[in-house]
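Participant: The structure is given below, and queries will be raised subsequently.
Please treat every number below as a calculation from the coordinates, not as lab data. Just so it is clear, the model here is predicted, and its values are computed rather than measured. Note: ideal-geometry Cβ built from the backbone for every residue, glycine included; neighbour counts use all protein chains shown.
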Amino acid sequence: MAKLEKHTGHYLSLITILGVGFAILFFSSDRSFQMLSLTLTVFFYVLWGIIHHYLNHDLTAKIVVEYSLMGALGEALVFLILKGGFGL
Amino acid sequence: MRKFLHDFLFPHHHNNFRSKLLHHKSIFFTIVLVLFAGFALSLVRTNFPQVLGVSYDITSSQLLILTNQKRQESGASPLSLSDKLSLAATYKAKDMFSENYWAHNSPSGRTPWVFIKDVGYAYVYAGENLARGFNSSDDVVKAWMASPDHRENMLSKNYSDVGFAVLKGKLSGEETVLIVEMLGSTNFATKTGSETAVTPSASSEVQNLVLSRNEKPFINSVIFSRNLAISIVIVFITVLVLDMLVIRRRKVTRFVGHNLDHILFFITILLVIIIIARGLII
């Protein structure tokens, strides 16, 4: 909670990134546009993580890798549905 | 096994105070596994369509009953199933598959009204609702009712007849089920449940076009892959929460990414998976 209070601005911007990305995807009826929206959301999530830790003075290469891996896992899970589920 | 799970799920001194699942190697391994599962499922779908594929439980009669239920609730008169409109809807669905588009107007400029006119339905009012990727008639009608434009079309007192087409095929490489609803009226005044003339040739043609595509695989690939993806996300969210709570209680200082960030991210991914796997309407 203390972390949330200390970085209210940071977390509001993260919620905005994730919320806008989801809203675009929700209101889109085009698969390729949905994928583009997801990829951009993941990109901005990783970028947000890097900036957030840089401003927090604890940015390391490991943290960059961690956010990138989490983002890649999110993309891979959606790929699982598109490739395995829909056969795209 | 117990030690392995403890190591995998909870942070302690044996795993450097970070749940093993959240180590870079484990995340990377999960990504590889998920990608492999995607390709494996795709391979099974292609070679064994009777085992894994897109299945659905959507019929014109169910759609008609549900549509008329909604109309009755809103005070509109029930619609009659028109074979001419069903034939127009079937031609529209076939046209979308053959020309590979997902829109009310085709890339060559054919509007929905062309299909209605081509089957000899002399409309005064006409409308079209489209849906794809749904599993049940109930889900289709619910999705249309949740959209103001589609809802207005479904409940409009201008229409007296309706026709449906439910066809399975490939659209932009995606195996999917298309649902076309054509609404119309041949009079200015709305009818009250009177039957639309049925052309025998049109009726049999509709049946042939629809029935030939109603084969059900053993496992629905969309539901299976969706549930698999949801399970993985839930495991990650759970482990992130456990890791965060244990570390906070023990007051351990670590130089890793913040679990709260990843939890928010995975909650978004969970919602995205649900949205991607459900049907689309236009």
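Participant: Dividing the convex hull volume of the alpha carbon atoms of segment B:56-190 by its residue count, what do you get in Å³ per residue?
Facilitator: Numbers: hull volume 12.5 nm³, N = 135.
Once divided by residue count, the hull of segment B:56-190 is 93 Å³.
Participant: Within the set of other residues whose C-beta is less than 14 Å from the C-beta of B:Gly279, count the net charge using Lys and Arg as +1 and Asp and Glu as -1.
Facilitator: Values: positive: A:Arg31, B:Arg132, B:Lys142, B:Lys168, B:Arg226, B:Arg278; negative: A:Asp30, B:Asp57, B:Asp138, B:Asp139, B:Glu174, B:Glu175, B:Glu181.
Local charge sum for B:Gly279: -1.
Participant: Moving on. Of B:His14, B:His6, how do they rank once you tally other Cβ atoms within 10 Å and put the fewest first? Could you put the intermediate results ahead of the total?
Facilitator: Details: B:His14 11, B:His6 14.
In order of increasing Cβ crowding within 10 Å: B:His14, B:His6.
Participant: Another question, then. How big is the convex hull of the Cα atoms of segment B:20-77, per residue, in Å³?
Facilitator: Values: hull volume 9.1 nm³, N = 58.
In segment B:20-77, the Cα hull volume divided by residue count equals 158 Å³.
Participant: Which of the listed residues, B:Val51, B:Met154, B:Phe8, is farthest toward the dipole's positive end in segment B:1-156, when Lys, Arg count +1 and Asp, Glu count -1 at the beta-carbon?
Facilitator: B:Phe8
Participant: Now for a different question. Ratio of Rg to Rh for chain A, alpha carbon only, Kirkwood?
Facilitator: Reported Rg/Rh (Cα atoms, Kirkwood Rh): 1.04.
Participant: How big is segment B:132-180 along each principal axis, measuring the range of its Cα positions in Å and listing the largest first?
Facilitator: Extents along the principal axes, in whole Å: 37, 21, 18.
Participant: Now a separate question. Which of B:Phe39, B:Phe97, B:Phe134 moves most in a GNM of chain B, Cα contacts under 10 Å?
Facilitator: B:Phe39
Participant: Right, something else. Tell me the mean residue ellipticity at 222 nm calculated for the protein assembly as shown from its helices only (DSSP H runs of n ≥ 4, each -39500 (n - 2.57), averaged over every residue, nearest 500).
Facilitator: On the way: 14 runs with 219 residues, N = 370.
Value at 222 nm, helices only: -19500 deg cm²/dmol.
Participant: Let me ask something else. Share of Cα-Cα pairs in chain B beyond 23 Å, in percent? Please list the in-between numbers first.
Facilitator: Working: 24689 of 39621 pairs.
Roughly 62 percent, rounded to a whole number.
Participant: Among the aspartates and glutamates, select those whose C-alpha is under 15 Å from the C-alpha of B:Lys157, and discard any that sit fewer than 8 residues away in the same chain.
Facilitator: B:Glu73, B:Glu128, B:Asp149
Participant: Step by step: find N for segment B:77-151, compute 2.2 N^0.38 Å, then divide the Cα radius of gyration by it. What's the final number? Working shown, then result.
Facilitator: Numbers: Rg = 13.1 Å, N = 75, 2.2 N^0.38 = 11.3 Å.
Taking N as the residue count of segment B:77-151, the ratio is 1.15.
Participant: For the protein assembly as shown, build the convex hull from the C-alpha positions and give me its volume per residue in Å³.
Facilitator: Values: hull volume 60.5 nm³, N = 370.
Enclosed volume per residue, from the Cα hull, is 164 Å³.
Participant: How long are the three semi-axes of the equivalent ellipsoid for segment B:50-100, computed from the Cα gyration tensor as the root of 5 times each eigenvalue, in whole Å, largest first?
Facilitator: Working: eigenvalues 142, 59, 16 Å².
Computed over segment B:50-100, the values are 27, 17, 9 Å.
Participant: Turning to a different aspect of this structure: Which residue fluctuates the most in chain B, going by a Gaussian network model with Cα springs under 10 Å, if the choices are B:Met145, B:Met244, B:Met96?
Facilitator: It is B:Met244.
Participant: Which value, in debye to the nearest 20, gives the size of the charge dipole of the protein assembly as shown about its Cα centre, when Lys and Arg are +1 and Asp and Glu are -1 at the Cβ? Before the final figure, lay out the partial values.
Facilitator: Details: 34 positive and 26 negative charges, 291 e Å.
With Lys and Arg at +1 and Asp and Glu at -1, about 1400 debye.
Participant: Same structure again: Please name whichever of B:Gly184, B:Trp144, A:Ser68 sits farthest to the positive end of the charge dipole of the protein assembly as shown, dipole taken about the Cα centre and charges placed at Cβ: Lys and Arg +1, Asp and Glu -1.
Facilitator: Positive-end residue among those listed: A:Ser68.
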